[in-house]
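The values are calculated or read from the model by the stated rules, or taken from the named source; none is laboratory data. The structure presented is a predicted model; accordingly, all values stated were derived computationally and were not measured. Every residue, glycine as well, gets a Cβ built from its backbone with ideal geometry; the counts of neighbours run over all protein chains shown. For accessibility, only protein heavy atoms count, side chains too; no ligands or nucleic acids. Shrake-Rupley method; radii C 1.70, N 1.55, O 1.52, S 1.80 Å.
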Amino acid sequence: MDKFRITGGRPLKGRVSISGAKNSALPCMAAALLTSETITLHNLPYVRDIITQRRLLEDLGGTVLTPELRTHKINASHVEVFEAPYELVKTMRASVLALGPLLARFGKAKVSLPGGCAIGMRPIDLHLAGFEKFGAEVKLEAGNVVAYAPPEGRLRGAEIHFEKVTVTGTENLMLAATLARGRSVLHNAACEPEVADLADLLNKMGARVIGAGTPTIQIQGVESLGGAQHTIIPDRIETGTFIAAAALTGGALEIKDCYPGHLSTVIEKLREIGVEIEELNPTTLEVSCRGRLSASNMTTQPYPGFPTDMQAQYMVLMTQAEGVSVIDETIFENRFMHGSELQRMGAKIFVNGRSATVSGPSALTGAPVLASDLRASASLVLAGLVASGETLIDRVYHIDRGYEKIEVKLRQLGADIERVREPVAVPALQPLPG
Ligand code: EPZ
């Protein structure tokens with residue numbers, strides 16, 4: 001298991017380019033299952049979750065060509081398997097996004113029910129309730145969701161009212177509704193930019209989706225969908241992570257190939273606490289932080305609110321800010337695992353259920369710490385960049401799921417960070433009997 005070794009205290013300087021958004025690339029890759037023609041996706045991030053999604057598509061019978069590292073040509077004309085197995089789903093919950101397209105195009109799907117994860121129970125009941133509204137028969141068998149389209153073989157358009165905003169729930173039902181008979185309306189839908197990016201691709205494939213990016217999405221079902229080319233939007237969470245890195249190290253960064261428009265709430269909040277952020281042009285930010293940060297409360301919310309995927313990074317900022325701040329996590333019930341690791345580095349954090357109180361500024365010192373999930377591991381990297389001495393982060397496979405070569409990008413900006421490969425233990429050969 002790889003680790004990161006970081007020696008902190010160096011201000012980051014220079015230019016960094018942002019990769020494509022993992023949380024848009026995953027549903028866009030799943031969209032290829034809706035058609036027998038080829039989908040070409042550009043600006044895919046080179047991260048482990050994309051490799052897992054590719055493997056899922058190939059296991060289903062799809063072909064994925066990579067003319068370039070960040071371009072995939074996906075063709076699902078020979079899909080013969082309609083099952084996303086436990087082995088894959090347990091490594092990546094987003095595999096559940098195969099359910100909508102398989103059910104809509106082939107009338108059947110079997111997807112392992114994703115169990116809970118470090119940050120919460122994360123049920124998919126709203127996804128399944130939506131498919132039932134589309135007329136599907138949905139059953140749970142041996143840990144798998146098994147779903148069949150109604151006898152006439154095609155899903156029926158319907159009105160869905162989400163009792164809670166769900167990102168992949170919105171995406172899964174939007175994917176399915178594109179081939180349903182009639183019109184569907186998704187109310188209280190997720191407004192995340194990744195949802196709108198998926199709709200953009202679907203409309204290029206011949207779908208009729210309007211209102212994506214707003215709480216009400218209307219989809220007029222069509223008989224079939226065609227091929228398309230699409231470029232994935234920049235990753236707003238990776239962008240936010242690098243803004244935090246610049247601020248925490250007292251550095252100065254030019255962040256390129258990003259899209260500030262998808263980050264306005266984050267940018268506004270970070271400016272409020274004292275980070276200097278200037279939009280040089282629609283895809284470039286200039287970030288620096290000369291003064292001391294000031295503490296400010298924050299509550300995570302669905303988009304356009306402050307994203308939960310930036311909560312851990314924000315907590316590290318608050319450990320270095322003057323004063324006391326309260327962070328309320330409203331999306332996931334168990335997303336403060338990084339708090340106890342940051343305490344090991346000297347941070348003053350008190351967690352009470354879904355609320356964390358941070359007192360700052362604290363002088364962080366390097367320590368061996370354990371990553372528990374993707375964004376928690378990003379926060380430990382940020383803390384390591386600030387801390388005096390050496391930090392050793394274990395289980396960085398979490399960060400490889402959603403950040404493309406983060407240690408390489410940081411090293412190019414002057415950070416003292418390296419990936420430490422643990423030698424694989426080879427069992428000693430036993431002498432042969434006799
Ligand atoms: C997406 O997860 C993202 N993942 C997450 O990013 C992100 O944290 C999350 O949205 C919230 O923004 C991808 O897009 C692949 P939800 P998702 O359904 O869709 C509850 C990262 O770090 N809920 O919007 O799984 C759920 O338990 C990852 O990149 C139900 O109760 O999240 C949660 O409390 C982590 N029933 C809330 O809704 C359902 O059927 C929001 O979850 C569905 C969700």
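See the values below:
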quantity	calculated
Checking D257 against (1) at positive phi; (2) open to solvent by less than 50 Å² (accessible area, probe 1.4 Å), the condition it does not meet	(2)
The lone exception for G120 - which of (1) within 16 Å of the ligand (Cβ to nearest atom); (2) open to solvent by 50 Å² or more (accessible area, probe 1.4 Å); (3) at positive phi it fails	(2)
Scan of segment 345-358 for residues that are within 16 Å of V386 (Cα to Cα) and either among the polar types (S, T, N, Q) or surrounded by 17 or more Cβ atoms within 10 Å (Cβ to Cβ) (or both), ordered by number	M345, A347
Within segment 130-151, tally of residues that are without any contact (Cβ under 8 Å) to a residue 24 or more places away in the chain and over 16 Å from V89 (Cα atoms)	7
Strands (runs of 3 or more DSSP E) within segment 131-193 that include 1 or more residues closer than 20 Å to M205 by Cβ and either out of contact with any Asp or Glu (no Cβ under 9 Å at 6 or more places or on another chain) or open to solvent by less than 10 Å² (accessible area, probe 1.4 Å) (or both)	183-187
Cβ-Cβ under 7 Å pairs, at least 6 apart or on other chains, segment 90-107 side over 9 Å from N172 (Cβ atoms), far side open to solvent by 10 Å² or more (accessible area, probe 1.4 Å) and near the ligand (Cβ under 10 Å from one of its atoms)	R93/P114; R93/C117; R93/R122; A94/T168
Residues satisfying the stated conditions in segment 225-244, i.e. in contact with a helix residue (DSSP H, G or I) (Cβ under 7 Å, 6 or more places away or on another chain), within 19 Å of R401 (Cα to Cα) and assigned to a helix (DSSP H, G or I)	R236, I237, T239, G240, T241
Test: R15 is out of contact with any Phe, Trp or Tyr (no Cβ under 9 Å at 6 or more places or on another chain) and open to solvent by 10 Å² or more (accessible area, probe 1.4 Å)	yes
One residue from A207, A252, A228 being among the small types (G, A, S) and surrounded by 23 or more Cβ atoms within 10 Å (Cβ to Cβ)	A207
Residues of segment 361-408 satisfying the condition of being of a type in the set (D, E, K, R) and away from the ligand (no atom under 14 Å from the Cβ)	E390, D394, R395, K405, E407
Selected residue (criterion: most open to solvent (accessible area, probe 1.4 Å)) from residues of segment 381-395 that are within 11 Å of I417 (Cβ to Cβ) and in contact with a Ser or Thr (Cβ under 6 Å, 6 or more places away or on another chain)	E390
Members of segment 86-112 found to be open to solvent by 40 Å² or more (accessible area, probe 1.4 Å) and within 20 Å of I51 (Cα to Cα), listed by number	Y86, E87, K90, T91, R93
Identity of the residue in segment 201-217, part of a helix (DSSP H, G or I) and closer than 17 Å to G100 by Cβ, that ends up farthest from the ligand (Cβ to nearest atom)	N203
Residue check, M318 within 14 Å of the ligand (Cβ to nearest atom), aliphatic (A, V, I, L, M) and either out of contact with any Lys or Arg (no Cβ under 9 Å at 6 or more places or on another chain) or open to solvent by 30 Å² or more (accessible area, probe 1.4 Å) (or both)	no
Unmet requirement for R48, which otherwise passes all of (1) within 16 Å of the ligand (Cβ to nearest atom); (2) within 15 Å of T231 (Cα to Cα); (3) open to solvent by 60 Å² or more (accessible area, probe 1.4 Å)	(2)
